[in-house]
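These notes are about the structure you will find just below.
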Amino acid sequence: MSHRVAITGIGQTRHSGRRPYHNDGEMIHEAVSLALADADISIKDIDTVIIGNMDLFEGHYLNDAMLADYSGSIGKSGFKMNTGGTVGTMEVITAWYNIASGQSDTVLVIGWEKHDEGPVTSAITTIYEPAYTRWFSVGALSGLALLSDDYLRRANCPMEIGGIVRSYMSENASRNPNAHLREKYTVQDVMNARMVLYPLTLLMICPTSLGACAMVLAKESKAKKMTKKPVWIKDHVTVHAEEGGGLFDALSGGPRRTTETEAGKTILKRNHITKPLEEIQLFEMYDPCPFFHPFFLEDFQLCPEGEAWKLIEKGLTSREGSFPISPSGGVMCTNAIGDSGTLRVAEAALQLREDAGEHQVTRKVTQALASGFGGSNWTDLFLLTNSLD
Amino acid sequence: MANEVVKKEPMFTEGYVIMPYKYSVGTLASKFFIEIRDHKKINGVKCPKCNIVIVPPRSVCIKCFNKIEDLVELSGKGTLVTYTVAHYDSAVQAMKPPYAIGVIKLDGADTAITHFIGEVDFKELKAGMKLEAVFNETRNANILDIKYFKPVKNKG
């Protein structure tokens, strides 16, 4: 039987677009110290350290070894994760396996990125398959734009939904002192911003941020000693597809089948959830642009196809709504890629602990989702809860 | 104390890494590119088990995991599924903006191919529009031997 796994400590740096005074190690050490303090333990109590970012984004590779002193992993078991957009969530999944299997009692996970220091667009272009598709990439954004256009057409969704979602996110981020873009924008501000990659305007595109997020995970017996408010990883799943094909499976006349549809079906079925928008009260989503809110709500099987944008328009997903999405401001306002996934899980956990401060949602949360996104070829989805009873 | 000094004058180490690469495209893609170079023909592959047609070719079926060995000829015409127009530039892009990128489902295929869309007014771009391949005069057996896809003009 596997051990139950809880999140017992959370720490994050403030996120920004520049941070010239500290190196990457100093930056992650800040998040690690906060997470250890939150769990009320010291680095001696950690068995395993898992660290990750985007390969080559800072122009160097071996951050698990290079930063071992700053991360606290010297002499300990550890892993480096470099799985693209899902790196932060794969760290949490790997920590879960480590604890659930009995290999470790306590694991420290660290997601980080210093986006301004390396060739980000060149590096991310290497994720594209070289023979067929790399020439047509426009960095990370081309896939986001194509998927957005695809959703707009499929769901008959008005463009203004992009402005509505981004204005919700700006309101949320303005309340979150650790978010990067905290300025408030109206729907019109978003719609009138310069068009960068149709249908995405400048304000619809996630920023390149700097920051780190660390978490302590522990097995049940240890967790209950560390904190009065453990957040439990009730379930998680990771789903892959090959580049391109998985996104457009419906082209051959079949039902829509993406990494998100498969992840959503698995989590809902395994946890006997039949009314997801009632039984789950919050979603910290890896949301790189606004149209992904309705697109993901539908693909994750949380509401019927073509309906999500109507629910969003009515306020379902705002911080005061009955199913808030990314009350932290999400990836649209803070995107230090290596920490974006870790931060989704961390922010959902803060909400479940009622420790999110100014951006705490207004309604009670007992179950929350958090997701990781790797260009839609790779999806991670978590179901978190503050009570196992 | 250390922070105060550094805040006046943060120091960086700068450098460059040049990363050339070559990539074996494999058996079916080699045939695919040679057909484009020598005959201006776009081929897909047909899974002998589940009959779906995949383009650009892959050697294993995305649906049933069956091995695929043979190409099937497609017309080079297709339908626009989704698109974007790039208005910004970076070191890695193959064209100067603005330019359009489309996901195109070729007639007879069950998957889609990504490529540029040319000879088009961006305002006329619409999912569902018919497109056809335009080939470069000089061809080197790679995906850019297809110059772009352009709208099919209705006769008359």
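The values are calculated or read from the model by the stated rules, or taken from the named source; none is laboratory data. Since we're looking at a predicted model, the values are computed, not measured. FYI the Cβ positions are ideal-geometry reconstructions off the backbone, even for glycines, and counts take in every protein chain you see.
Quick notes on this structure:
- Apart from one condition, A:ALA241 fits all of (1) closer than 19 Å to A:SER340 by Cβ; (2) within 14 Å of another protein chain (Cβ to nearest Cβ); (3) small (Gly, Ala, Ser); the exception is (1).
- Positions within region B:24-66 being touching a residue at least 40 places away in the same chain (Cβ under 8 Å), aliphatic (A, V, I, L, M) and farther than 21 Å from A:PRO255 by Cβ, in sequence order: B:LEU28, B:ILE34, B:ILE36, B:ILE42, B:VAL55
- Residue match in region B:127-136 (condition: within 13 Å of the chain's Cα centre (by Cα), surrounded by 18 or more Cβ atoms within 10 Å (Cβ to Cβ), over 24 Å from A:LEU144 (Cβ atoms) and more than 10 Å from every other protein chain (Cβ to nearest Cβ)): yes
- Among residues that are within 15 Å of the chain's Cα centre (by Cα), assigned to a loop (DSSP other than H, G, I, E, B) and either more than 7 Å from every other protein chain (Cβ to nearest Cβ) or of a type outside the set (S, T, N, Q) (or both), B:ALA94 is included.
- Residue count, region A:33-60 (criterion: in a loop (DSSP other than H, G, I, E, B), in contact with a strand residue (DSSP E or B) (Cβ under 9 Å, 6 or more places away or on another chain) and closer than 18 Å to A:THR83 by Cβ): 4
- Qualifying residue in region A:204-221 (condition: within 14 Å of chain B (Cβ to nearest Cβ), over 26 Å from A:VAL165 (Cα atoms) and either at pLDDT 95 or above or in contact with a strand residue (DSSP E or B) (Cβ under 7 Å, 6 or more places away or on another chain) (or both)): no
- For region B:22-44, a residue qualifies if it is in contact with a strand residue (DSSP E or B) (Cβ under 8 Å, 6 or more places away or on another chain), away from chain A (no Cβ under 12 Å) and more than 18 Å from B:HIS115 (Cβ to Cβ), and exactly one does: B:LYS31.
- Selection of region A:254-305 for residues being aliphatic (A, V, I, L, M), in a loop (DSSP other than H, G, I, E, B) and either out of contact with any Ser or Thr (no Cβ under 7 Å at 6 or more places or on another chain) or surrounded by fewer than 21 Cβ atoms within 10 Å (Cβ to Cβ) (or both) yields A:ILE273, A:ILE280, A:LEU302.
- Applying the criterion of being free of Cβ contacts under 8 Å to residues at least 12 places away in the same chain, touching a helix residue (DSSP H, G or I) at 6+ places or on another chain (Cβ under 8 Å) and at the interface with chain B (Cβ under 7 Å from one of its Cβ atoms) to the residues of region A:133-149, the residue that is surrounded by the most Cβ atoms within 10 Å (Cβ to Cβ) is A:PHE136.
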